[in-house]
1. Looking only at region 119-136, which residues are assigned to a loop (DSSP other than H, G, I, E, B) and not polar (S, T, N, Q)?
2. Go through ALA81, ALA33, ALA47 for me and flag whichever is free of Cβ contacts under 8 Å to residues at least 40 places away in the same chain, within 14 Å of the ligand (Cβ to nearest atom) and under 16 Å from the mean Cα position of the chain (by Cα).
3. Could you list all residues from region 252-285 that are in a loop (DSSP other than H, G, I, E, B) and free of Cβ contacts under 8 Å to residues at least 12 places away in the same chain?
4. Does at least one position in region 144-164 carry a residue that is modelled with pLDDT of 95 or more, part of a helix (DSSP H, G or I), surrounded by 22 or more Cβ atoms within 10 Å (Cβ to Cβ) and within 8 Å of the ligand (Cβ to nearest atom)?
5. State yes or no: is ARG245 part of a helix (DSSP H, G or I) and at pLDDT 95 or above?
6. Quickly run through region 87-129 and pick out the residues that are more than 10 Å from the ligand (Cβ to nearest atom) and among the hydroxyl-bearing types (Ser, Thr, Tyr).
7. Out of region 58-78, which residues are away from the ligand (no atom under 14 Å from the Cβ) and more than 18 Å from THR136 (Cβ to Cβ)?
8. Consider region 68-87. How many of its residues are touching a strand residue (DSSP E or B) at 6+ places or on another chain (Cβ under 9 Å) and more than 25 Å from LYS27 (Cα to Cα)?
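The values are calculated or read from the model by the stated rules, or taken from the named source; none is laboratory data. Bear in mind that the values here come from a model prediction, so they are computed numbers and not experimental data. Using ideal geometry, Cβ is built from the backbone for each residue, glycine included, and neighbour counts are taken over all protein chains shown.
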Amino acid sequence: MKPAPFVRHVPKTLDEALRILAEVAPKDGRVLAGGQSLVPIMAFRLARPAHLVDINEVADLDKITSDGETLSVRACVRHAAFHKSVVENPLGRLLSVVARHVAHFPIRVRGTFCGSLAHADPASEWCLVAATLDATLVARSTRGERLIAARDFFAGIMSTALVEDELLAEARLPLLSTDAKFGFNEFSRRAGDFAMAASLVTYRLQAGKIVDARVGVGGAEPRPRRIAEAEASLDGKVPGDSSFRAAAEAAATAIDPLEDHQTNAEYRRDLVRAVVRRALEQSQP
Ligand SMILES: Cc1cc2nc3c(=O)[nH]c(=O)nc-3n(C[C@H](O)[C@H](O)[C@H](O)COP(=O)(O)OP(=O)(O)OC[C@H]3O[C@@H](n4cnc5c(N)ncnc54)[C@H](O)[C@@H]3O)c2cc1C
């Protein structure tokens, strides 16, 4: 099928994009970034936006910068930008490990980091990264700028705190401590498919014991989130099979699993147990 008719606007500056978005949002206008989620949905006529605000020619939206404390990823930065480390910090390596799990290469060349966050698929790897690392999301509109904590940003399946005339201009990810350990694991039936469960973990070691543990789970619930029970079970423990299994069990118990035509709750709990344990195992040299 072909998309329903629409008008495409091609602003050259952010202010112009925000002005157009304010005007067309009430008439079912939407932002077009990489188009890797929106265009297929339009082609199936599951969405029929009358206006698209194409931000691909807006100056400077493809920039990644760091102020030494955070990494700023602007709205048109593609998934593929992270194939190589973008910052001299463990975060750079973490992002390049995760990037290779996002869809397939041609999609990574077009699709954007912020587009994934705005689309808010529960299985999105970047949404999991934002939730686990407590990213700050920068929403812009003609009314100004609004900073939204990741835990408040993801509202549910494909639903966020953005209002219709807001553009996600930037995602700010905190840099990791230089001695941070991390691990990522996801399960999908075929390479490149959306994950049925995924986990990102980070922590540091102090005198051989785990501190500052973060355990994020995605793809298993309507939105990705940190699992406090798993983090608490790791803090102060020596990394290894027994502490990792205990944390994985805590995560599997704590989640309220999604069910769909492929999986029931019990199966997804098993997946969460497996991906958390594997992510923790990968965190070790
Ligand atoms: C076959 C296939 C497999 C895929 N597999 C995966 C996968 O494994 N993991 C994964 O995470 N993704 C996957 N994707 C989705 C892909 O990563 C998309 O690129 C991403 O979800 C959306 O980014 P985009 O830039 O393409 O956004 P678009 O498709 O342009 O937009 C998506 C939605 O977000 C809104 N939007 C986009 N940018 C902004 C912004 N800056 N501000 C406000 N609203 C905005 C749009 O209005 C639209 O509603 C897959 C896609 C396909 C087609």
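1. ALA120, ASP121, PRO122, ALA123, LEU133, ASP134, ALA135
2. None of the others qualify; the one that does is ALA81.
3. Hits for region 252-285 are GLU259, ASP260, HIS261, ASN264, PRO285.
4. Here is the first cut: in region 144-164, the residues modelled with pLDDT of 95 or more are 144-164.
Right, trim to part of a helix (DSSP H, G or I) and you get 150-153.
Cutting the leftovers down to surrounded by 22 or more Cβ atoms within 10 Å (Cβ to Cβ) gives us 150, 153.
Okay, now just the ones that are also within 8 Å of the ligand (Cβ to nearest atom), so none.
No: zero hits.
5. When the stated conditions are applied, ARG245 passes them.
6. Across region 87-129, the qualifying residue is only SER96.
7. Hit for region 58-78 is ALA59, nothing else.
8. Taking region 68-87 as the starting set, the residues that turn out to be touching a strand residue (DSSP E or B) at 6+ places or on another chain (Cβ under 9 Å) are 69-79, 81-82, 86-87.
Next, from what is left, pick out any that are more than 25 Å from LYS27 (Cα to Cα): 69-74, 77-79, 81-82, 86-87.
Qualifying residue count for the region: 13.
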